[in-house]
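Trainee: Let me begin by handing over the structure; questions about it come next.
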Amino acid sequence: MSRLLVLVTVLLCTAVACGDDAKQGAKSNAAAPPGDSRSETIGWARAVDPCALLDAGELRELGPEVTVGTSSMTTNCSAVVTGGPDQRIDVDVRIGFAPQLETFKYGSMIEVQDRKVHRVDIRETVPAEQRDQLVQTECDYRIPLDGGLGVTVSVEMDRAADPCATGDKLIPGVIKQWNDHPAQGTSPATTVTVLSALTSPCVGLEKLQATRKVEFDWQEQTLDSCYLTVDGASTLISLENRERDLITLDKQEVRLGDYVGYRSEHQGDTFIDVIVGEEFPGVWGNRSIRQLPIVGVMSNNPDVAQAVAENALAHLPK
């Protein structure tokens with residue numbers, strides 16, 4: 001399974017049981033995403049708690065030891081289930097814009113709770129004579145939802161297991177929870193950080209447009225990344241969670257006001273990753289980790305990278 005928020009480790013009927021109550025918790029402000037406005041849809045979707053889309057009771061039925069936590073972004077949640085008959089199950093849930101399903105070569109459409117879901121057994125993508133070489137196998141689900149949004153769910157298990165049989169049990173719960181529009185912080189596995197409060201990765205865009213020449217199209221933006229051209233330089237702003245070593249390794253420490261950032265150069269691009277909150281436990285790469293929320297900026301102009309980072313930080317919620 002390839003690619004804010006407190007890690008919940010559950011043994012039998014401990015903390016994750018609270019998730020059963022959490023699904024009756026707070027909802028997003030709007031009853032449905034405003035599909036006619038990309039910017040408003042991004043803000044609406046960022047307010048949905050991805051960990052609350054996983055049904056706690058269904059996870060416990062897969063195994064007695066369940067670890068749930070935010071993954072690499074506020075729109076991404078992962079769970080690890082162990083101790084059951086299938087030894088280990090990794091589940092990843094990601095909120096984003098729905099892809100064009102007709103572009104996928106593999107998989108099939110199934111119907112779940114009156115919704116069309118695209119399901120791919122990864123073994124279908126591998127020649128039959130090579131399937132025995134797989135260490136693990138995976139089943140991916142792409143669920144188109146309202147407002148052009150979608151949820152991707154990946155279930156990864158040992159190669160002898162059937163991840164689609166397991167995933168088929170979880171998908172109805174994901175759709176049901178989505179219909180409740182659970183707000184960030186609804187799940188006990190979710191820690192709300194400064195990134196959770198941002199309605200867009202295009203932080204401080206209006207101020208930037210007032211002081212720089214900015215070329216920008218909302219249709220190119222995602223829930224966690226903002227693509228723009230600033231003074232002719234291609235620039236990317238990203239909202240992520242990362243382990244400390246991945247942020248600091250072989251990078252130069254820089255001060256940006258009240259924040260500490262880490263700068264590096266690679267193939268003509270400047271990267272600045274700025275830590276904007278406290279370290280917290282999460283789940284990433286199928287394992288429990290400690291991670292930090294960051295605002296990342298990449299540009300092929302070092303001065304632009306610095307200016308965009310400083311502008312974004314000035315517009316973070318206090």
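Trainee: Expressed in nm to one decimal, what extension gain is obtained for the pair TYR106 and LEU246 from 0.36 nm per residue of sequence separation less their Cα-Cα distance? Don't skip to the answer; put the middle values down first.
Mentor: Values: separation 140, 0.36 × 140 = 50.40 nm, distance 3.38 nm.
Extra length available between TYR106 and LEU246 comes to 47.0 nm.
Trainee: Quick check: residue separation of GLU220 and GLU278 times 0.36 nm, minus the Cα distance between them. What number comes out in nm? Working shown, then result.
Mentor: Values: separation 58, 0.36 × 58 = 20.88 nm, distance 3.04 nm.
Gain on extension, GLU220 to GLU278, equals 17.8 nm.
Trainee: Would you mind putting 188-196, 214-222 in packing order, based on average other-beta-carbon counts within 10 Å, highest first?
Mentor: Working: 188-196: 23.2, 214-222: 13.8.
Result, highest mean first: 188-196, 214-222.
Trainee: Mind listing the long-range amide H neighbours of VAL260? Cut-off is under 5 Å, sequence gap 5 or more, other chains count too, H placed in the peptide plane at 1.01 Å from N.
Mentor: Under 5 Å from the amide H of VAL260 lie the amide H atoms of ILE275, each far enough along the sequence or on another chain.
Trainee: Which order do the peptides 258-268, 62-72 come out in when sorted by mean C-beta neighbours inside 10 angstrom, highest first? Show your work: numbers first, answer last.
Mentor: On the way: 258-268: 13.9, 62-72: 23.6.
By packing density, highest mean first, the sequence is 62-72, 258-268.
Trainee: Can you work out the PRE-style zone for ALA32? Point 7 Å along Cα to Cβ, and I want the residues of region 161-185 with backbone N under 14 Å.
Mentor: 179-181
Trainee: A follow-up question, please. On full extension of the chain, what length is gained from ALA128 through GLU61, given 0.36 nm per residue of separation minus the C-alpha to C-alpha distance?
Mentor: 21.0 nm
Trainee: Report the relative contact order of region 105-250, percent, no decimals, based on alpha-carbon pairs under 8 angstrom and at least 6 residues apart. Mind dumping the intermediate values first?
Mentor: Details: 166 pairs, mean separation 17.6, N = 146.
Once normalised by length, the contact order is 12 percent.
Trainee: Okay, moving on. Search the structure for amide H atoms under 5 Å from the amide H of TRP284, placed 1.01 Å from N in the peptide plane, and list their residues when 5 or more places away or on another chain.
Mentor: Those lying under 5 Å, H to H, from TRP284 are ILE289.
Trainee: Using the Cα centre as the reference, give the magnitude of the dipole from point charges on the C-beta atoms of region 123-202 (Lys, Arg: +1; Asp, Glu: -1; all else neutral), rounded to the nearest 20 debye.
Mentor: Numbers: 6 positive and 11 negative charges, 48 e Å.
Roughly 240 debye, rounded to the nearest 20.
Trainee: Among ASN301, THR235, ILE289, pick out the residue whose Cα is farthest towards the positive end of the charge dipole of region 221-318, where Lys and Arg carry +1 and Asp and Glu carry -1 on C-beta, about the Cα centre.
Mentor: Ranked along the dipole, the leading option is ILE289.
Trainee: Can you tell which of LEU145, VAL194, ALA160 lies farthest toward the positive end of the dipole of the chain, using +1 and -1 charges on the Cβ of basic and acidic side chains (Lys, Arg; Asp, Glu)?
Mentor: VAL194
Trainee: Per residue of region 80-91, in order, report the coupling 6.51 cos²θ - 1.76 cosθ + 1.60 (Karplus, θ = phi - 60°) as ³J(HN,Hα) in whole Hz, putting x for Gly and Pro.
Mentor: 10, 10, 9, x, x, x, 9, 6, 8, 10, 10, 10
Quick note: the coordinates plus some simple rules give every number you see, no bench work behind them. Please read these numbers as outputs of a predicted model, since none were measured by experiment. Methodologically, a virtual Cβ is constructed for each residue, glycine included, from the backbone with ideal geometry; neighbour enumeration extends over all protein chains shown.
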